[in-house]
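J.: Below is one structure. I have some questions about it.
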Amino acid sequence: MKTAIFMDYDNIWIGCYEHYFGTIFGLDFTTKIKSFVENTGDKVVKFVAYANFDNGKMSTDKHQTQLQKLGLETIHCMNGKDSADINIACDALELLYNNIEIEHFAFISCDRDITPVLRKINLLGKMSTVISLSVNTDMEVIKNHCDNHYWFEEIVGLEFKEPEKKIFDKETFKAELKEMLSKYPNVNYSLFASNIEKKYNVSKGLIDFNKEELIKEMVIEKHNYEFMDKQYYDGIRFVKSRKR
């Protein structure tokens with residue numbers, strides 16, 4: 001099976017730099033990842049690393065040149081949020097629809113932004129794999145959208161602890177709301193839900209469901225409030241007469 005690997009190098013390199021020993025090249029990671037993939041009988045025909053290679057230490061240490069010497073194709077991405085993710089998504093989709101010989105798409109990434117691409121890959125009957133860092137990943141979201149998930153640390157030989165799944169339920173909702181209300185006099189539900197979605201890697205639908213259940217149980221309530229002379233209609237708070 002011919003395999004294409006797309007690596008969010010910004011994401012992986014920064015994770016290794018901050019949480020391990022600062023350099024990725026001493027891990028011989030390209031050889032280990034290729035061997036890991038090809039041990040299943042696949043053949044890696046494309047291995048691309050995406051990053052803003054002009055960024056600080058990455059530029060000083062000539063990461064783009066080092067990666068090219070290791071046989072990787074490199075794509076320089078402009079500085080900016082999600083730049084590498086967008087480039088990866090576009091290139092993967094182009095290959096998916098224009099090269100029928102590629103049967104296996106592998107992503108080295110920690111970001112949930114690749115999930116729409118994973119869905120397209122699976123829809124067309126291709127295989128998808130995600131390799132991610134345990135210290136910086138939207139694990140549960142990603143794992144639910146790909147055929148295979150592996151830890152980067154495990155493949156390259158780093159000691160690590162597999163992250164525990166964060167549970168989100170009504171009790172978690174109440175605890176998070178209580179914490180936020182301790183900092184702010186009013187809580188806007190849209191912002192609250194957005195923070196919860198990122199922190200627990202859960203869908204907006206699940207957050208909404210827990211909110212509605214707590215409203216039915218008269219634990220929380222909606223309310224309007226004013227902030228800096230502007231009226232807001234999306235506030236949530238605890239019902240004062242109920243114990244939490």
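A short reminder: the numbers here are calculations on the coordinates, not readings from a lab. Predicted model, so just to flag it, every value in this text is computed and none were measured. With ideal geometry, Cβ positions are generated from the backbone for all residues, glycine too; neighbour counts draw on all protein chains shown.
J.: Suppose the filter is under 15 Å from Glu176 (Cα atoms), in a helix (DSSP H, G or I) and in contact (Cβ under 8 Å) with a residue 12 or more places away in the chain; does Leu214 pass it?
T.: yes
J.: Further question on the same structure: Looking at region 90-108, which of its residues are over 24 Å from Ile12 (Cα atoms) and among the charged types (D, E, K, R)?
T.: Once the filter is applied, which keeps residues that are over 24 Å from Ile12 (Cα atoms) and among the charged types (D, E, K, R), region 90-108 yields Glu101, Glu103.
Quick grid of which residues meet (1) touching a Leu at 6+ places or on another chain (Cβ under 9 Å); (2) within 30 Å of Phe21 (Cα to Cα); (3) not in a strand (DSSP E or B):
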{"site": "Leu95", "(1), (2), (3)": "no, no, yes"}
{"site": "Phe107", "(1), (2), (3)": "yes, yes, no"}
{"site": "Val117", "(1), (2), (3)": "yes, no, yes"}
{"site": "Ala175", "(1), (2), (3)": "no, no, yes"}
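J.: In this structure, is Leu118 more than 24 Å from Leu206 (Cα to Cα) and among the hydrophobic types (A, V, I, L, M, F, W, C)? Steps first, please.
T.: Values: more than 24 Å from Leu206 (Cα to Cα): no; among the hydrophobic types (A, V, I, L, M, F, W, C): yes.
So Leu118 fails the test.
J.: Right, another one. Spot the failing condition for Tyr184; the list is (1) in contact with a helix residue (DSSP H, G or I) (Cβ under 9 Å, 6 or more places away or on another chain); (2) part of a loop (DSSP other than H, G, I, E, B); (3) free of Cβ contacts under 8 Å to residues at least 24 places away in the same chain, and only one is missed.
T.: Going through the list (1) in contact with a helix residue (DSSP H, G or I) (Cβ under 9 Å, 6 or more places away or on another chain); (2) part of a loop (DSSP other than H, G, I, E, B); (3) free of Cβ contacts under 8 Å to residues at least 24 places away in the same chain, Tyr184 breaks only (1).
J.: Something else now. For region 23-58: of the residues being in contact with a Lys or Arg (Cβ under 9 Å, 6 or more places away or on another chain) and under 24 Å from Cys77 (Cα atoms), which is surrounded by the fewest Cβ atoms within 10 Å (Cβ to Cβ)?
T.: By that ranking, first place goes to Val45.
J.: When you go through (1) surrounded by 12 or more Cβ atoms within 10 Å (Cβ to Cβ); (2) part of a loop (DSSP other than H, G, I, E, B); (3) more than 23 Å from the chain's Cα centre (by Cα) one by one for His223, which number turns out not to apply?
T.: Only one criterion in (1) surrounded by 12 or more Cβ atoms within 10 Å (Cβ to Cβ); (2) part of a loop (DSSP other than H, G, I, E, B); (3) more than 23 Å from the chain's Cα centre (by Cα) is unmet by His223, namely (2).
J.: Taking Lys143, is it touching a strand residue (DSSP E or B) at 6+ places or on another chain (Cβ under 7 Å), surrounded by fewer than 18 Cβ atoms within 10 Å (Cβ to Cβ) and under 22 Å from Lys199 (Cα atoms)?
T.: It is true that Lys143 is touching a strand residue (DSSP E or B) at 6+ places or on another chain (Cβ under 7 Å), surrounded by fewer than 18 Cβ atoms within 10 Å (Cβ to Cβ) and under 22 Å from Lys199 (Cα atoms).
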